[in-house]
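J.: Okay, handing you the structure first.
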Amino acid sequence: MKHKEISLIAENDTIIALAGNPNTGKSTLFNMLTGLRQHTGNWPGKTVFQAKGSFIYKGKKYVLVDLPGTYSLLASSVEEKIARDFICFGRPDATVVVLDATCLERNLNLALQVMEISERIIVCINLIDEARRKHLDVDTGKLSETLGMPVVATAARNGEGLAELLKVISEVVAGNCRPKPKTVRYSPEIEKAVAKLKPKIKNLLGDQVNPRWIALRLLEGDTSIEPYIKKIMKNKVRKAKLREVLA
Ligand SMILES: Nc1nc2c(ncn2[C@@H]2O[C@H](COP(=O)(O)OP(=O)(O)OP(=O)(O)O)[C@@H](O)[C@H]2O)c(=O)[nH]1
Ligand SMILES: [Mg+2]
């Protein structure tokens, strides 16, 4: 199902992924932006497989992918694997990480994991209306500075902040805004091993994936990424052969 859906997206489509913890309003945001009716709500029927829709902003088409809600990207459940594989190997042009403004601390854990995979991230602090109701004040400027990424506050259900979110998405896709996510540093031993592995991975896989993230997964003994690595390598070899023929 997942591979079929990924391949349904045309090669030159601009793809925006929506990631986040369960119940943060991703599908509500998806429906508001695409005009579709993806099921929303905290009951069985939550988004398990990613839904796909599109919208036009300033004459440009964007394909939006609503990923299932996950607390992490460790691929220990089917939802986590779908979300992780799409962000890493589906190569979206930008990933919007949707966080619940009323429990940022827990939600930021996922944002940090997405930051390890991808650079083109936008943080969307949703349910800002709920936060306001609870007298919680979110300093988006400070958060943006701390994380090194654009941060937009929204209340998806009533459309608040969506104009700003679209503007930021378009700027990130166009390269006018370049997020610089802060790197999460590990112990010196791990960093030493990562430094050794990174150039080798880069050499093998090119810039198709984030070599630091792959190095960390390999050190962790995560075998679930192997099929993708093999696929990327096979494609690379095929391309190299084609180049030889063309030369
Ligand atoms: N007050 C308020 N409620 C919201 C907002 N956005 C979404 N909701 C509500 O939050 C609930 C969950 O929204 P969904 O869009 O289904 O959340 P989701 O992130 O797609 O959930 P999963 O697919 O399970 O991960 C629904 O009842 C929405 O109506 C918002 O900005 N403010
Ligand atoms: Mg959903």
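J.: Assuming a ≥ b ≥ c are the square roots of the Cα gyration tensor eigenvalues, decide whether the range 141-187 counts as rounded (a/c under 1.5), prolate (otherwise, with a/b larger than b/c) or oblate.
T.: Working: a/c = 2.98, a/b = 1.62, b/c = 1.84.
It comes out oblate by the Cα gyration axes.
J.: Sticking with this structure for a sec: At 1.4 Å probe size, with the rest of the protein present, what percent of the exposed accessible area of the chain is carbon and sulfur atoms?
T.: Details: 7290 of 13450 Å².
Result for the chain: 54 percent of the exposed heavy-atom area is carbon or sulfur.
J.: What Rg and what Dmax come out for the chain when only alpha-carbon atoms are used, in angstroms?
T.: 18.4, 65
J.: Using only DSSP helix segments of four residues or longer, with each worth -39500 (n - 2.57), what per-residue ellipticity at 222 nm results for the chain after dividing by its residue count and rounding to 500?
T.: Values: 10 runs with 118 residues, N = 247.
Mean residue ellipticity, 222 nm, calculated: -15000 deg cm²/dmol.
J.: While we're looking at this one, here's another question. What is the mean projected area of the alpha carbon convex hull for the range 67-193, to one decimal in square nanometres? Present the calculation step by step, with values, prior to reporting the outcome.
T.: On the way: hull surface 35.2 nm².
So the Cα hull casts an average projection of 8.8 nm².
J.: Okay, moving on. What is the Cα centroid distance between the range 116-187 and the range 55-91, reported in whole angstrom?
T.: One Cα centre to the other: 16 Å.
J.: Read phi for every residue in the range 177-189 and hand back ³J(HN,Hα) as whole Hz from Karplus 6.51 cos²θ - 1.76 cosθ + 1.60, θ = phi - 60°, with x for Gly and Pro.
T.: 10, 10, x, 10, x, 5, 7, 7, 9, 10, 5, x, 5
J.: Say the cut-off is 29 Å between C-alpha atoms; which of Lys26/Lys58; Lys61/Lys198; Lys142/Lys200; Lys58/Lys234 go over it? Write down the numbers at each step before the final one.
T.: On the way: Lys26/Lys58 22 Å; Lys61/Lys198 35 Å; Lys142/Lys200 37 Å; Lys58/Lys234 38 Å.
Going by Cα-Cα distance, Lys61/Lys198; Lys142/Lys200; Lys58/Lys234 fall outside the 29 Å limit.
J.: Can you give me the long-range amide H partners of Ile122? Hydrogens built in the peptide plane at 1.01 Å from N, cutoff under 5 Å, separation of 5 or more residues or another chain.
T.: Thr95, Val96, Val97
J.: While we're here: In debye to the nearest 20, how big a dipole does the chain give about its Cα centre with +1 on each Lys and Arg Cβ and -1 on each Asp and Glu Cβ?
T.: On the way: 39 positive and 27 negative charges, 205 e Å.
My answer is approximately 980 debye.
J.: Okay, moving on. Using a 10 Å cut-off on Cβ atoms, rank the peptides 129-138, 111-120, 83-92 from the highest mean neighbour count down. Write out the running numbers ahead of the final one.
T.: Details: 129-138: 13.2, 111-120: 20.2, 83-92: 22.2.
The most tightly packed comes first, giving 83-92, 111-120, 129-138.
J.: Compute the accessible area per residue over the chain, keeping the other protein chains in place, probe 1.4 Å, unit Å². Don't jump to the answer; show the numbers that get you there.
T.: Details: 13450 Å² over 247 residues.
On a per-residue basis, 54 Å².
The values are calculated or read from the model by the stated rules, or taken from the named source; none is laboratory data. Fair warning: this is a prediction, and the values are worked out from it, not measured in the lab. Here the Cβ is made from the backbone with ideal geometry for all residues, glycine too, and neighbour counts use every protein chain on show. To get the accessible areas, we keep the full protein, side chains included, count just its heavy atoms, and leave off ligands, DNA and RNA. Shrake-Rupley method; radii C 1.70, N 1.55, O 1.52, S 1.80 Å.
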